[in-house]
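A.B. asks: Please see the structure below; I have some questions.
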Amino acid sequence: MITFIENAFKHVSRGISEAYVKINFEQAAKSVCLEIENSKSNIQQEKDSVSGLGLDNIRKRLDILYANDYSLTIKDSETTYYTKLVIKI
């Protein structure tokens, strides 16, 4: 979870007044849910630890730790990056 939070702050669009990071964390009886959304610049940024190889590594770690007991949703648009991780407990 920390990796997703760190990257939201690392890659939030800087220098514009509309820049934001939204984080929502909820624990229910049988799951925890982390949702993160951040604004991003229209300018192509260098790939980081969450994209490409980094994202593959995160998915592998989640598979090892939680097997079929998690879901990961990532939406990458021109102006926002959204991640939702749900882990069954």
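The values are calculated or read from the model by the stated rules, or taken from the named source; none is laboratory data. What you are looking at is a predicted structure, and each value in this text was computed from that prediction instead of being measured. So basically every Cβ, Gly included, is an ideal-geometry build from the backbone, and we count neighbours across all protein chains shown. Areas reflect the complete protein model, heavy atoms only, side chains present, ligands, DNA and RNA absent. Shrake-Rupley method; radii C 1.70, N 1.55, O 1.52, S 1.80 Å.
A.B. asks: How about segment 1-22: which of its residues are over 14 Å from the mean Cα position of the chain (by Cα) and either within 20 Å of residue 55 (Cα to Cα) or open to solvent by less than 60 Å² (accessible area, probe 1.4 Å) (or both)?
C.D. replies: Scanning segment 1-22 gives 13, 19.
A.B. asks: Can you work out which of the residues in segment 50-67 that are open to solvent by 60 Å² or more (accessible area, probe 1.4 Å) and not basic (Lys, Arg) is modelled with the lowest pLDDT?
C.D. replies: Initially, segment 50-67 is screened for residues open to solvent by 60 Å² or more (accessible area, probe 1.4 Å), giving 53, 56-57, 59-61, 63-66.
From what's left, not basic (Lys, Arg): 53, 56-57, 63-66.
On the way: 53: 73, 56: 89, 57: 90, 63: 97, 64: 96, 65: 96, 66: 97.
Looking at residues that are open to solvent by 60 Å² or more (accessible area, probe 1.4 Å) and not basic (Lys, Arg), I get 53.
A.B. asks: Further question on the same structure: Kindly establish whether residue 25 is in contact with a strand residue (DSSP E or B) (Cβ under 7 Å, 6 or more places away or on another chain), exposed (fewer than 15 other Cβ atoms within 10 Å of the Cβ) and either in a strand (DSSP E or B) or at pLDDT below 95 (or both).
C.D. replies: It is true that residue 25 is in contact with a strand residue (DSSP E or B) (Cβ under 7 Å, 6 or more places away or on another chain), exposed (fewer than 15 other Cβ atoms within 10 Å of the Cβ) and either in a strand (DSSP E or B) or at pLDDT below 95 (or both).
A.B. asks: Can I ask one more? Using beta carbons and a limit of 6 Å, which pairs, at least six apart or on different chains, have the first residue in segment 59-76 and closer than 13 Å to residue 4 by Cβ and assigned to a helix (DSSP H, G or I) and the second one modelled with pLDDT under 95 and among the acidic types (Asp, Glu)?
C.D. replies: Between residues of segment 59-76 that are closer than 13 Å to residue 4 by Cβ and assigned to a helix (DSSP H, G or I) and residues that are modelled with pLDDT under 95 and among the acidic types (Asp, Glu), there is no close pair.
A.B. asks: Let me ask you something else. Here are 41, 71: which of them is of a type outside the set (D, E, K, R), surrounded by 12 or more Cβ atoms within 10 Å (Cβ to Cβ) and modelled with pLDDT of 85 or more?
C.D. replies: That would be 71, the only listed residue that is of a type outside the set (D, E, K, R), surrounded by 12 or more Cβ atoms within 10 Å (Cβ to Cβ) and modelled with pLDDT of 85 or more.
A.B. asks: With the requirement that a residue be under 18 Å from residue 23 (Cβ atoms), among the basic types (Lys, Arg) and either open to solvent by 80 Å² or more (accessible area, probe 1.4 Å) or modelled with pLDDT under 90 (or both), what does segment 74-89 give you?
C.D. replies: Within segment 74-89, 75 is the sole residue that qualifies.
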